[in-house]
Amino acid sequence: IAIPLVLLLAGNDAFGFDGPGLVDSFVYVGYFWHYPEHLWVFDANSNYKISRLPWILPGYVAHTLLGPIAASYVLAYLCLTLGAVALYLLVRDALDDRVSAATVSVAWASCTWAHGVGGWSYHMLAAAGYYLLACWLVVRAARGSRVPAAAMLAGVCYAAAVHTHLFLVAFTPLIVALFWVTWPPSREHFGRRLTALGAYALAGGLCLTLTLALINRGTGGAWLFF
């Protein structure tokens, strides 16, 4: 948690801000500033960027409450920290190794190449954080810790990742494989448990999707925001 803060405080004035010319990232900044006003404009022209509500809505809330400068810092810090913490929890619980978990977590938070893939205000870092959090919750479900709740939350986080970056739907087999390899050898009925937990995860993902649909419709967009 401290590593991104150290990077921010180390005289790094560009932390959280994009340079000129990164058009895609500034499209999202426009949504952060004017989401209800501009929703129908881009939506009417089938601009797929407006569908990435798990990234746009937190950005809009942050910019509404904090203003553009503080919101840029906060969004960058929270997204970077989300991925680092989720990766730590994933490796810790999958391998039972806190040292390895801490090492890869700090490496993630310190890897400047990963910070701004497409720009700080782009959606990639948030999508990765959602995905890693979903992976950790899958491990928790496999290991038998609060199984239904973990599975449902995994579905919520994975749906957030997919709605933020649609390509992540292709990683579904990896989620299943992660569940399989972290399943304790002494436990039986893998297929039945996988089916049950898959149902919980699907319910969580549908709940998030319905919530986003209601928000999008309530602010003047389409129900089928995706």
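A few comments on the model shown:
- With all protein chains in place and ligands, DNA and RNA left out, the 1.4 Å accessible area ranks Ser105, Ser100 as Ser100, Ser105, largest first.
- Computed over protein heavy atoms with a 1.4 Å probe, the accessible surface of the stretch 20-171 works out to 46 Å² per residue.
- 10 Å Cβ shell holding at most 13 others, DSSP loop, trypsin sites (Lys or Arg not before Pro): longest site-free stretch of the chain: 1-145
- Counting only DSSP H runs of at least 4 residues, each contributing -39500 (n - 2.57), and dividing by the residue count of the chain, the helix-based mean residue ellipticity at 222 nm comes to -24500 deg cm²/dmol.
- List Leu166, Leu125, ordered by accessible area with a 1.4 Å probe, largest first: Leu166, Leu125
- Taking all protein chains together and rolling a 1.4 Å probe, Asp13 ends up with roughly 130 Å² accessible.
- With DNA, RNA and ligands ignored, accessible area of Ile215 (1.4 Å probe; Å², nearest 10): 70 Å²
- Note on the chain: dipole from Cβ charges, positive end direction compared against Gly191, Pro173, Phe15; the farthest Cα belongs to Gly191.
- Using the alpha-carbon positions of the chain, Rg (one decimal) and Dmax (whole number) come out as 18.4, 56 Å.
- Here the dipole of the chain is about 720 debye; that uses its Cα centre as origin and unit charges on the Cβ of Lys and Arg (positive) and Asp and Glu (negative).
- Solvent exposure ordering (accessible area, 1.4 Å, most first) of Cys111, Cys207: Cys207, Cys111
- Overall, the accessible surface of the chain at a probe of 1.4 angstrom is composed of carbon and sulfur to the extent of 72 percent.
- Ala199/Val61 FRET efficiency (R0 30 Å; Cβ-Cβ; nearest 0.05): 0.45
- Integer Hz, Karplus 6.51/-1.76/1.60 couplings in order for the stretch 162-178, x for Gly and Pro: 5, 5, 7, 8, 4, 4, 5, 5, 5, 8, 4, x, 5, 5, 5, 4, 4
- From the Kirkwood radius over Cα pairs of the stretch 97-226, Stokes-Einstein at 37 °C and 0.692 mPa s returns a whole-number translational diffusion coefficient of 205 µm²/s.
The values are calculated or read from the model by the stated rules, or taken from the named source; none is laboratory data. Because the structure is predicted, anything quoted here is derived from the model rather than measured. Positions of Cβ are generated from backbone atoms using ideal geometry, with glycine treated the same way; all protein chains shown enter the neighbour counts. Please note that ligands, DNA and RNA were not included when accessible areas were found on the heavy atoms of the full protein model with its side chains. Shrake-Rupley method; radii C 1.70, N 1.55, O 1.52, S 1.80 Å.
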